[in-house]
Structure formats: C-alpha cells, structure tokens
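These notes concern the structure reproduced below.
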Amino acid sequence: MEKMYYIPSQQVSLAATLHIPNAPAKNEKFPVVVICHGFVGSRIGVNRLFVKAADHFASLGFAVLRFDYEGCGESSGIYGTYGLDRFIEQTIHVIDFVEKLPFIDKHELYLLGHSLGGAVATLTAVRDDRVKNLAIWGAVGRPFEDIAAIVGKEGLEEAESSQYVDYEGYSLTKTFFRSLEQYTPLQEAKSFTGDVFVAHGTEDEVISPSYACLYEKSFKKRANSVEKSLIIGGNHTFSSIRHSTELFQQTGEWLERQRKLNDDRKKKII
C-alpha cells in the first residue's frame, strides 16, 4: 500500500511516497524507515533502488517514507542554489511530518541515507536526538572533495566565476559548493550515540569503499552498536540484482534485530 504526500519545508513542497505494510488496524502503529537520496538524485533511485528497498522493508513490517529533496524529483524549488544546511533542515521537517502520522510509532524511527544522503543522514542524526537508528549506504565522507571529484575541476571553476555550473541540468552555485566545505560527517559521526548499520560496495567507482571503515571507526567512539557490511563486487548504486538483493537482505535483518532490541528496551521500561 502506498500513499503520496507533499511535505512543507519553508517555501517548498517535498514530494514523498509512503509504503505501508498493510491497512493499519485500529491503534496499530508501524516502525518507520525514512530514506534520504543522494546528489542530484530522487526518491526513486538509480534502477529503482529506493522503490525496491521500500518494498522489501515494507514486507518485513516497516513503513517506509522516501522523499525528494528540494528541486529533485517532483519537489518544488531549484536544486543547488542553497547549502547543505537545507538538506539537513528538510530531513528534519520530513521527520516532523512522519512522526505525526497516527499509524507511525515515532519511537521506532530509522534514518537511511545513500551517497550524499548518507552524509546528510549522519549529520541529521547527530543534530536530532529522535534518530536513534541510522543506516548509511555508500556514504559520502568528505562532501566537498567527493562532490568536486564528480563535477570536475572545470565545473568548480565555472561555478566560482559565473552564477552557476550546469551539471546534468542542475544549476550548482558557489553557495552550494562552499556549504559542502563546512561539514565533516566523518568527524561528526563520533557524536552519534545510537545504533548504526554501514554498507558499501567494494567496487564503488564514485565514492571510496574505504569510507565504510572510516565511518565504522568514527561511529564506534560513542555509538551504542555499529555493524558494517561490504557488498563484494557492488558498485555505487548496487545496480545488479545480486548486489541489491544482498544489500536489502542485510539491511532488513539489521532492521529486524533493532526492532527486537527496541521492543525489549520498551518492556524493561514498563
């Protein structure tokens, strides 16, 4: 079962799709996974990565909300004209929205981010104590260096010297690039105190697989628990059926373990 929403965030509307395991019974509440897409991406994902992930997690009993950042997919606004702080702010607004839904258990929220969305999810989790369960896939570790490598030196120079650089139809401004320099998710990860799942494809050609180990090391400073999975042969978007299936299965198993742990914690409190 799917529902479409438009979530307000300042002057823009963020398009979102919510997958629900089934029609909720009276007083039934579902744990929820919020998916953050990556650089110039959308809530669909390359080869429908996030659609397939949402379907899989919903089959396990989780509600899943995937959304488009400003200027991406079906959301209003212009991508690249603002800074990374807006990604964080929009993610928090999405959490505000989803936790108010009557059939969602706001105490069972899981934030999942891919690529640049992995960095944003990490930065959001550090700032918002409602996020106690975090999963990142192929996460960007050094936002400026990683995105600059994708756009290229000439693109950076054009953004600096003119109003923007046209990258695949997106107008990326110097404000956007300068904001990336202000954030260090690998360092900030040391402050997160919840539970973490880190996954990365070993053949990721866009974002270095070495970040998985660096994130794991950083999270272990304070996180309650950290699990890491290297998808052997997987590329940045886990494009093959084998690699995406392995990713969904391992992430799903982590989600189910976390759900059981959270249920046990609730019983102890009661």
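The values are calculated or read from the model by the stated rules, or taken from the named source; none is laboratory data. Quick caveat: nothing in here was measured; it's all calculated off a predicted structure. Cβ atoms come from the backbone with ideal geometry, glycine included; neighbour counts cover every protein chain shown. Note: areas computed on protein heavy atoms with side chains; ligands, DNA, RNA excluded. Shrake-Rupley method; radii C 1.70, N 1.55, O 1.52, S 1.80 Å.
Tabulated data
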item: Conditions (1) part of a strand (DSSP E or B); (2) closer than 27 Å to SER42 by Cα: number failed by THR245; result: (1)
item: Test: residue in the stretch 14-37 that is without any contact (Cβ under 8 Å) to a residue 40 or more places away in the chain, open to solvent by less than 50 Å² (accessible area, probe 1.4 Å), within 22 Å of GLU99 (Cβ to Cβ) and of a type in the set (Gly, Ala, Ser); result: no
item: Matching residues in the stretch 111-140 - criterion: being within 10 Å of the chain's Cα centre (by Cα) and either at pLDDT below 95 or part of a strand (DSSP E or B) (or both); result: LEU111, LEU112, GLY113, HIS114, LEU134, ALA135, ILE136, TRP137
item: Boolean, SER239 is buried (at least 16 other Cβ atoms within 10 Å of the Cβ) and touching a Leu at 6+ places or on another chain (Cβ under 9 Å); result: no
item: Enumeration of residues in the stretch 55-86 that are among the hydrophobic types (A, V, I, L, M, F, W, C) and out of contact with any Leu (no Cβ under 8 Å at 6 or more places or on another chain); result: ALA58, CYS72, ILE78
item: Residue match in the stretch 94-112 (condition: open to solvent by less than 10 Å² (accessible area, probe 1.4 Å) and over 28 Å from THR193 (Cβ atoms)); result: no
item: Qualifying residues in the stretch 52-87 (those that are aliphatic (A, V, I, L, M) and open to solvent by less than 10 Å² (accessible area, probe 1.4 Å)) - the one nearest to SER171 (Cα to Cα); result: LEU84
item: Subset tally (residues that are open to solvent by 10 Å² or more (accessible area, probe 1.4 Å), out of contact with any Ser or Thr (no Cβ under 9 Å at 6 or more places or on another chain) and within 14 Å of VAL40 (Cα to Cα)) for the stretch 131-148; result: 1
